[in-house]
Amino acid sequence: MRIIKDKKIIDDDWSLVRDIDSSAPLPDGNVILPFMYWQENRDALLKQNATHAVWIDGDIETEKLVSYLEYYALIALDFPVFKDGRSYTHARLLRERYGFKGDLRAIGEVLRDQLFFLQRCGIDSYQLREDKDAEDALKGFEDFTVCYQAAADDVVPVYKSRR
Amino acid sequence: MYKYDNYDQTIVDERVAQFRDQTARFLAGQLSEEEFRPLRLMNGLYIQRYAPMLRVAIPYGLLSSQQLRMLAHISRKYDKHYAHFSTRQNVQFNWPALETVPDILADLARVEMHAIQTSGNDIRNTTSDQFAGIAVDELEDPRPYCEIIRQWSTFHPEFSFLPRKFKIAVTGAVHDRAAVKVHDIGLFLVKNDAGEIGFNVVVGGGLGRTPFIGPSIRPFLEKQHLLSYLEAILRVYNRFGRRDNIYRARIKILVNDLGKEEFTRQVEAEWNHIKDSVLKLDQQEIERMKSFFTAPDYDQNAAEDNSFEAAEKSNKAFATWVKRNLFVHKIAGYKAVIISLKAPGIAPGDATDEQMDHIADLADHYSYGEIVVTHDQNLVLPNVKQADLFDLWQKLSAKHLATANIGLLTDMICCPGLDFCSLANAGSIPIANQINEKFDDIDYLHDIGDIKIKMSGCMNACGHHHVGHIGILGVSKKGEEFYQLTLGGSSENDACLGERLGPAVAKKEVANVIARLLDVYVEQRQEEERFLDTFRRIGIKPFKDRVYPKQPVKEEACANH
Ligand code: SF4
């Protein structure tokens, strides 16, 4: 799948499983599973797979993931609609408070004009909404060269540079 | 006032470029209407009844003369030669064409202005006391903190897609002139027992459909923790505020649903994680911000002038204006002058390009080049020497800017209503006109004295009707415009919400009903009582009885408060 990672367009091999269909087997290879499913089937999955990834939406509190972070290579945060901003907080908490070092990926309604904010909250890969052009979206990272406040990136608040 | 440096200027310039590009993509069909909507809203651009409306931020209401001239220029070049000052100390243009908005923003950026976050579900312009810096009852000037909040909240990456809009107000005065308790966050500068100054933090006030007076969740917050505490509140709200129902999405609902104690507990828990982070303000930064808001070089002998008193004695019209339109200044011999934008026949809060240019010139000449927008949609020249008042008054009169009605019945607050706003149920400007026509006897108005009439064209309450001494809310009944009246509201220290008078009244009756309410007041008032005081003493019943004489006993049975 074509995604944006670290401000570059790349192909990666994670496939996102939005809903679990209990009658069908999981796809082969690296899968991003719904967190609730992963949690319920944890023991089996841990035996079976070497790498793990889950996705959450705004309803699932990051605190629920904390004790499993070491297992995850990737956590995907869902933006069901553009204006649902809960995952911005989730991203910052996972990065800044719980020290998650793996890939944090934005999925769902992910559009160019959010990317600047998303990257500042610690998200590093993006699966754009299907109809959107990734080349065009890359420009979104360049919107601003100055930020007033600190976030999950390494920006120092402007006032500290003013001296 | 605050002066941009390279960092600030870069941010607004880059914002102009970003919005120019977004507009171009929209016009080229690369962004759908739905995708463009949140982007333009974050820039204060609404699509209104007849044309877009652009709201421009005036941080805590403070303008330089150069900025006011730019607003005049914009109204001339891109609009219909006027601008509308709002109750949130902002300014609105009602007729710009969408394609020209990026150019307007570029013009604004040249004078250190912008439209960032003047709409949308984000942190809006921080408002403050219109007499900040000059009021006698001020503990400390709130504006340095407003500017600190402005910078922190501008393009905050985590809080740009909140459940709903978010408004913060700060005051440093004893007397609350900024309606602080009806904001999402209200900050009062207060002194603790040790004599240190910090903030009393009030959260979850608001008007709209479900009005609340906000409770205090932390009576004393040290200044250094201002931003970490705000961030903690916003984070709790961003995570747990409701997103399923637009009418239940403001923080006031969350505070109310969780209860003050539980909400406070969550905020404090979050705050404990971040209070010692990079958000902690150091004294050096606070001092730097304060250095932008120092007092001008006042004339220490200003009070020795005698001409002012003489003019007051010899000119009745001037004396009347002096009585209503001045505000006490902390420096003897100086006054703050309130310029009424409520002349009869004018939509409350409107100023023409010519008037704005004129006021800018007067500000340069008489008031160190600064102008403040008030919550009542008037303008203030904060630092005028008493010796200059008579000249200034004459010059204001020449452009219809000396209406002596500040605080009177005709100094109404009024939202744009049906004339401009696509959400409106009913007109508000026509009601303002009706009231102006009915009450055109200056002596009567002065006899009635202080009274606040506030009008909104729908439940969104942009005209703050709940906190008017008389509140007027436009409703629609079978497509016809009706008006629901409330009595006894206040947005000041004694903040409270108005009580419903009775069934909504027909459009043509509004001014007549107000006349009847005023009759009751005139008959019942004691000594120096204002309308609000009389109302509080005698209750709503006498007013009800006068307006709805044919509904006797039933009403009383339900007045159970
Ligand atoms: S109160 Fe209603 S009608 Fe008036 S400006 Fe606000 S949304 Fe529009």
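Nothing in this text is a laboratory measurement; each read-out follows from the coordinates by a stated rule. Quantities reported herein were computed from a predicted structural model and do not represent experimental measurements. Positions of Cβ are generated from backbone atoms using ideal geometry, with glycine treated the same way; all protein chains shown enter the neighbour counts.
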Exercise for the section: Have a look at the DSSP beta bridges in the stretch B:368-486 and tell me what percent are antiparallel, nearest 5. Expected result: 60
Practice task
Convert each backbone phi in the stretch B:86-102 into a coupling constant with the Karplus relation 6.51 cos²θ - 1.76 cosθ + 1.60 (shift: θ = phi - 60°), then list the ³J(HN,Hα) values in order as whole Hz, x for Gly and Pro.
Solution key: 9, 6, 9, 6, 10, 10, 10, 10, 8, 9, x, 7, 3, 5, 8, 4, x
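What number do you get for the stretch B:70-145 when its Cα radius of gyration is normalised by 2.2 N^0.38 Å, N = residues?
So the Cα radius of gyration is 1.32 times the expected 2.2 N^0.38 Å.
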Handout entry: Within the stretch A:83-110, backbone nitrogen closer than 20 Å to the virtual label 7 Å beyond the Cα of A:Glu61 toward Cβ
Key = A:85-100
Practice task
Report the label-to-label distance for B:Asp299 and B:Asn272 in nanometres (one decimal), using points 7 Å from each Cα along the Cα→Cβ vector.
Solution key: 5.9
Handout entry: Relative frequency of Cα-Cα separations exceeding 25 Å in the stretch B:142-289, percent
Key = 23
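How about the stretch A:58-130: which GluC sites (Glu not before Pro) there lie in a loop by DSSP and see at most 12 other Cβ atoms within 10 Å? Don't skip to the end; give the middle numbers.
Working: sites: A:Glu61, A:Glu63, A:Glu70, A:Glu96, A:Glu109, A:Glu130; in loops: A:Glu61, A:Glu109, A:Glu130.
Sparse-neighbourhood loop GluC sites (Glu not before Pro): A:Glu130.
Can you pull out the chymotrypsin sites (Phe, Trp or Tyr not before Pro) in the stretch A:11-79 whose DSSP state is coil and whose Cβ has at most 10 other Cβ atoms within 10 Å? Walk me through the numbers on the way to the answer.
On the way: sites: A:Trp14, A:Phe35, A:Tyr37, A:Trp38, A:Trp55, A:Tyr68, A:Tyr71, A:Tyr72; in loops: A:Trp14.
In loop regions of the stretch A:11-79 (DSSP not H, G, I, E or B), there are no sparsely surrounded chymotrypsin sites (Phe, Trp or Tyr not before Pro).
What's the Kirkwood radius of the stretch B:417-547 in Å, using all Cα pairs? Can you show the working numbers first?
Working: mean 1/r = 0.0674 Å⁻¹.
Roughly 14.8 Å, rounded to one decimal.
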Problem - FRET efficiency for B:Glu287 and B:Gln394, using Cβ-Cβ distance with R0 set to 41 Å, rounded to 0.05 - result: 0.50
Fill in the blank from the handout: By Cβ neighbour count within 10 Å, fewest first, A:Ile107, B:Ile47 rank B:Ile47, A:Ile107
Completion exercise
For the stretch B:6-109 (alpha-carbon point model, no solvent) the Debye-based log₁₀ I(q)/I(0) at q = 0.14, 0.19, 0.20, 0.24 Å⁻¹ works out to -0.54, -1.00, -1.11, -1.49
Practice task
Starting from the Cα-Cα distance between B:Asp193 and B:Tyr7, subtract it from 0.36 nm times their residue separation and give me the gain in nm to one decimal.
Solution key: 63.1 nm
Completion exercise
Length gained if B:Ile442 through B:Ala97 is fully extended, taking 0.36 nm per residue and subtracting the Cα-Cα distance, is 120.2 nm
Practice task
Could you tell me, in Å, what Rg and Dmax come out for the Cα atoms of the stretch B:65-104?
Solution key: 10.0, 27
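Sort B:His466, B:His446, B:His225 so the one with the fewest other Cβ atoms within 10 Å of its own Cβ comes first.
Taking fewest neighbouring Cβ atoms as first place, the list is B:His446, B:His225, B:His466.
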Handout entry: the stretch B:242-254 - phi-based ³J(HN,Hα) in whole Hz, Karplus 6.51/-1.76/1.60, Gly and Pro as x
Key = 6, 10, 8, 8, 4, 7, 10, 9, 6, 5, 4, 5, 4
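Could you tell me which chymotrypsin sites (Phe, Trp or Tyr not before Pro) in the stretch B:274-306 are loop residues by DSSP with no more than 12 other beta carbons within 10 angstrom of their beta carbon? Don't skip to the end; give the middle numbers.
Values: sites: B:Phe292, B:Phe293, B:Tyr298; in loops: B:Tyr298.
Passing sites in the stretch B:274-306 do not exist.
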Handout entry: Restraint check, A:Lys83/A:Lys132; B:Lys399/B:Lys508; B:Lys335/B:Lys395; B:Lys454/B:Lys508; A:Lys7/A:Lys132, Cα-Cα greater than 20 Å
Key = B:Lys399/B:Lys508
Exercise for the section: Name the residue, out of A:Arg86, A:Arg120, A:Arg42, whose mean-square fluctuation peaks in a Gaussian network model built on chain A with Cα pairs under 10 Å. Expected result: A:Arg42
Problem - Spin-label pair B:Lys316/A:Glu130, simplified geometry with 7 Å Cα→Cβ offset, distance in nm - result: 8.0
Exercise for the section: Binning at 20 Å from 0, report for chain B what percent of all alpha-carbon pair distances ends up in each bin. Expected result: 21, 56, 23, 0
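Could you work out the Rg to Rh ratio of the stretch B:219-290, with Rh taken as the Kirkwood radius (inverse of the mean 1/r over all Cα pairs)?
Checking Rg against Rh, the ratio lands at 1.07.
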Practice task
May I ask for the net charge around B:Gly471, where only other residues with Cβ less than 13 Å from the Cβ of B:Gly471 are counted and Lys, Arg are +1 while Asp, Glu are -1?
Solution key: +2
Exercise for the section: Would you calculate the separation in nanometres between label points at B:Phe220 and B:Leu139, each defined as 7 Å from the Cα along the Cα-to-beta-carbon direction? Expected result: 1.0
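Could you work out how much longer the chain between A:Asp6 and A:Lys160 gets when fully extended? Use 0.36 nm per residue separation minus the Cα distance between them, nm to one decimal. Intermediate results must be reported in sequence, preceding the final value.
Numbers: separation 154, 0.36 × 154 = 55.44 nm, distance 2.65 nm.
Contour length minus the Cα-Cα distance gives 52.8 nm.
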Fill in the blank from the handout: For B:Lys223, counting only lysines whose alpha-carbon sits under 20 Å away and dropping same-chain residues fewer than eight positions off, the answer is A:Lys160, B:Lys167, B:Lys181, B:Lys191, B:Lys275, B:Lys280, B:Lys290
Handout entry: Against the rule of thumb 2.2 N^0.38 Å, how large the Cα Rg of the protein assembly as shown comes out
Key = 1.02
Practice task
Arrange the peptides B:151-164, B:197-210 so that the one whose residues have, on average, the most other Cβ atoms within 10 Å appears first.
Solution key: B:151-164, B:197-210
Exercise for the section: Find, to one decimal place in angstroms, the Kirkwood hydrodynamic radius of the stretch B:306-397, where the mean of 1/r is taken over every pair of different Cα atoms and then inverted. Expected result: 13.5
Handout entry: Inter-chain shielding of B:139-151 (mean C-beta neighbours from other protein chains, 10 Å cut-off)
Key = 1
Problem - Cα gyration tensor category, rounded, prolate or oblate, for chain A with a/c compared to 1.5 - result: prolate
